[in-house]
1. Under a 5 Å amide H to amide H cut-off, with H placed in plane at 1.01 Å, what residues pair with Leu154 once short-range neighbours are removed?
2. Taking a probe of 1.4 angstrom, what is the accessible area of Leu92 in Å², to the nearest 10?
3. Mind ranking Phe163, Phe293, Phe156 by accessible surface for me, highest first, 1.4 Å probe?
4. Straight distance only, please: which lysines reach the Cα of Lys257 with their own Cα at less than 25 Å, same-chain residues fewer than 8 apart left out?
5. Cross-link candidates for Lys95: which aspartates and glutamates have Cα within less than 15 Å, leaving aside residues fewer than 8 places away along the same chain?
6. Tabulate in residue order the Karplus-calculated ³J(HN,Hα) for segment 421-426, using 6.51 cos²θ - 1.76 cosθ + 1.60 with θ = phi - 60°, rounded to whole Hz; enter x for Gly and Pro.
7. Using θ = phi - 60° and the Karplus form 6.51 cos²θ - 1.76 cosθ + 1.60, what ³J(HN,Hα) does each residue of segment 41-56 get, whole Hz, x for Gly and Pro?
8. Of Leu312, Leu288, Leu346, which has the largest mean-square fluctuation in a 10 Å C-alpha GNM of the chain?
Amino acid sequence: MAITMSLEEVIVEFHRLGVPDVKERELKLPTGLDKAVTVFGLRRTGKTYLLYQTMLELMRKGLPVERLFYINFEDNRLEGLTSKELSRIVELYYKHNPDAKLMYLFLDEVQSVKGWEKFVRRLIERKNARIFITGSSSKLLSRDIATTLRGRSLSFRLFPLSFREFLSFKGFEPKKPPIEMERGRIKRYLEEYVEYGGFPEIVNYPPLLKIRTLQEYLDLIIYKDLVERYGIEKTGAMRALIRVIVRNFARRTSVRKLHGMLSSFGINLSKAKVYEYFSHLEDVGFVLPVRRFHSSEVESLRSIPKLYVTDLGFPSVFGVRDWGYRLENLVALELFRRKYYREPRLSVSYWMDDRGEVDFVISLGFEVKELIQVSHNVDDPETKRREVNVLVRASKALGCKNLKVITWDYKERETHNGLEIEFIPLWRWLLGV
């Protein structure tokens, strides 16, 4: 009875307060599927507000707020809720909406309730519910969905703000093409974005408050998503692993190398444990490994990955500058957004030979569509020659003539060895102008 009363209080409270206004995100969720729509991603990326955005869209189509049931399962009033008690949600829905033919349920951080999948599956099989789910662990949700929902779900990954979204959150909407004054503002905001990242909450915070908030995010990830969920006992070792990864972001780094670096700091952790802890960080969305391009998927999976962090604010927390690596990491994040938001068939990898490396190979199926090199400054002739030569070699090896060098501020189209290479400033590439 107590749980039922708490559930109803949470639901009624939401209806009375209403859906808050939100800034539009680029990821849009479908609202008419007979499937569970799931959203996963790192904490504080805005998953709850994406649900609000979806609710507002439904309300604009004429659905009253009472038809929307939003429940955050991390609400302390719902502590101890079991999967059997989830059926109370259905009872309450029809108590408040006796004539409804379809339920609209928004279940936030649903992984807090063990066995939630069976409840969702039952409702989906009845075809009388539109269900939207969020969770902070990609593998947790995907594993549970794969084994229990069996094709009755569609998953979407949410990242921190893109630069386009960042500008919108700043209240700045540049026209196309941007004029001189607008370009100056864009570059100023880009410097801030590269240094402090794109978590929605901190966009308009002053620098010191940004750092303090990012530190709290790290604590939240460590203790809420890692220690509590996976039962990690060596929290100091996990903190050290996070620090090592962040200090070596956008570089090729193996678990063996991570183990060696931890050992040099006096951290006693076996290779097996390092691999386990690393997989947990990948699981919760903290780190994004990119593998070497290879025609054999098996060989690609065996390759040493380049490790990118999901937000550039984390290196700032540890005082890591590395401006060139930041730009590369930023490009990686944007490529992953394009994959998860718009083109799921997209594949992102890197290419290398014994003389150099191309940062990104963009493939669609078995076809290489684009080769991208990231270089902060190509004013130095030797730097430019190195970047161009490796692109030319990769172009010949992979049969791709769509070549690009993303720079901080250099814009030009040049021909090298009979191949046209586009040099494009980062802000133009990010905004598509």
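The values are calculated or read from the model by the stated rules, or taken from the named source; none is laboratory data. In this text the structure is predicted, and so the values were computed from the model without any measurement. Cβ sites come from the backbone with ideal geometry, for glycine too, and all protein chains shown count toward neighbours. Accessible surface areas use protein heavy atoms only, side chains included; no ligands, DNA or RNA. Shrake-Rupley method; radii C 1.70, N 1.55, O 1.52, S 1.80 Å.
1. Ala36, Val37, Thr38
2. Here the residue's solvent-accessible area equals roughly 10 Å².
3. Phe293, Phe156, Phe163
4. Of all the lysines, those that pass the test against Lys257 - Cα under 25 Å, at least 8 places apart if same chain - are Lys139, Lys234, Lys271, Lys273, Lys306.
5. By straight Cα distance, Lys95 reaches Glu8, Glu9, Glu66.
6. Result, rounded to whole Hz: 10, 9, 9, 9, x, 4.
7. These are the phi-based 3J(HN,Hα) values: x, 4, 4, 6, 7, x, 5, 4, 6, 5, 5, 4, 4, 5, 4, 4 Hz.
8. Leu346
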